[in-house]
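Colleague: Before I ask anything, here is the structure I am working with.
The values are calculated or read from the model by the stated rules, or taken from the named source; none is laboratory data. Quick caveat: nothing in here was measured; it's all calculated off a predicted structure. Here the Cβ positions follow ideal geometry from the backbone for every residue, glycine too, while neighbour counts run over all protein chains shown. In case anyone asks, the SASA skips ligands and DNA or RNA and just uses the protein heavy atoms, side chains included. Shrake-Rupley method; radii C 1.70, N 1.55, O 1.52, S 1.80 Å.
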Amino acid sequence: MKKTLLSLITLISLTGFSQVNVSFETSEGYTLAPIELQGPAGNEWGLLNGSATNTMNSTLANVESNRAFTGTNSLRFTSDNSQWNYYAGVLSPFYAGYDNAFIVRHRFYPESSTGSDYLFQIFDFDGTNLVSVADLRFDYQGTIDFSDGTTFNTNVGTYTANQWYDVVIERTATLIILRVNGTQLASYPVYGTGTSAKFVGIRFDNYGSGFSVDNLVIELPASSESFNSNLFSLYPNPTSSILNITNSDNLDIKNISVIDVNGRTVKNQAGSLTQINVSD
C-alpha cells in the first residue's frame, strides 16, 4: 500500500478555494471618494473610456455609503446625462493567477430599467491589449443581454429597478455561462484568450440613470487544472511519512483525501491542514 501511495501522491485531492473579494469597505482600504486610483499600490482602479477624445469624468464613479449589499459601502455610478454614444467607466486592478477557467460574481443594483445601459466585462491581457473574454449588458429597455463574442444576444432575461441582483459569469474549458439570481440565462462557446491576468470593466452610456456594484468576487473553480497546479506545492515528493502542503495564497485547507489507483479513498483528514501523514 505504501508504494502505491508514493507513486500516486499527485492524486491527493485538496478542498479549498482561491478568490479575490472586493466590497469597497474602509477595512479594505477604500475611502468615500472617486474609485480612480484607489486599490493596491501600483495596481489601482483606473478609467476605462470608449473614446480617446471623450473621457468620463472620474467623479461619476465613487465609493459611496448610500447603499450596500453587505457592509456599508458600494461602488456607485451616477449619471450627468451626457448621453455618450459609447461606453465608459472603470477598469479594476489586474488579478493574476486566473487562467481561462474562472468564476466572477458581483451584486448589481440598477436605479432605473429605462435609462442607461450597464456593461460588465471580463478581460485578459495579451501583452499589448485588453482581450474581452465575457460581456454582459443590462440595457435601457429592461432586458439582460449576453455576448457570444461577436454580437450581444438580446433579451436572455429581464430586470427591474431598485433591487440587488446576484450576477455570476463562469468560464469553463468550453463554455461561458451566465447566471442571475441562481438561474442560468445563457451559455455560449468560449471566445478570446490572453494571459493569466484578469481585469473587470464596469461601464455605462450615461443616459440619465446610475447603478451600484458590490461584493465583486473572482475565483477559480475547484475543478480547474490551474486551481491545483498554480496554487499548491507538495513536498517532499516522494515521501514515506509526512507530506507538507503549502499554497501561494495562504488558503485555509479544510480537507485532504488520498485516493488509490482504483479510485478508492484510502485516507481522509479534515481540519485546518498544512500536512498529512502517509506512513500508513
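Colleague: Which of (1) assigned to a loop (DSSP other than H, G, I, E, B); (2) under 22 Å from Ala68 (Cα atoms) does Arg137 not meet, given it meets every other one?
Modeller: (1)
Colleague: Going through Ser212, Ser187 one at a time, which residue ends up being open to solvent by less than 30 Å² (accessible area, probe 1.4 Å) and not β-branched (Val, Ile, Thr)?
Modeller: After ruling out the rest, the residue left standing is Ser212.
Colleague: Still on this model: Given the criterion within 15 Å of Asn206 (Cα to Cα), modelled with pLDDT under 95 and of a type in the set (Gly, Ala, Ser), identify the matching residue among Ser51, Ser116, Ser79.
Modeller: Going through Ser51, Ser116, Ser79 in turn, the sole match is Ser51.
Colleague: Here's a follow-up. Have a look at Thr160, Thr154 and point out the one that is in contact (Cβ under 8 Å) with a residue 12 or more places away in the chain, more than 30 Å from Asn43 (Cα to Cα), among the β-branched types (Val, Ile, Thr) and not in a loop (DSSP other than H, G, I, E, B).
Modeller: Thr154
Colleague: Further, regarding this structure: Which one of the conditions (1) of a type in the set (Val, Ile, Thr); (2) at pLDDT below 95; (3) open to solvent by less than 20 Å² (accessible area, probe 1.4 Å) does Val200 fail to meet, given that it meets all the rest?
Modeller: (2)
Colleague: Mind counting the residues in region 133-156 that are open to solvent by 30 Å² or more (accessible area, probe 1.4 Å) and either small (Gly, Ala, Ser) or touching a His at 6+ places or on another chain (Cβ under 9 Å) (or both)?
Modeller: The number of residues fulfilling the criteria is 1.
Colleague: If only one of Gly115, Gly97 is among the small types (Gly, Ala, Ser), surrounded by 19 or more Cβ atoms within 10 Å (Cβ to Cβ) and part of a loop (DSSP other than H, G, I, E, B), which one is it?
Modeller: Only one candidate passes the filter, namely Gly115.
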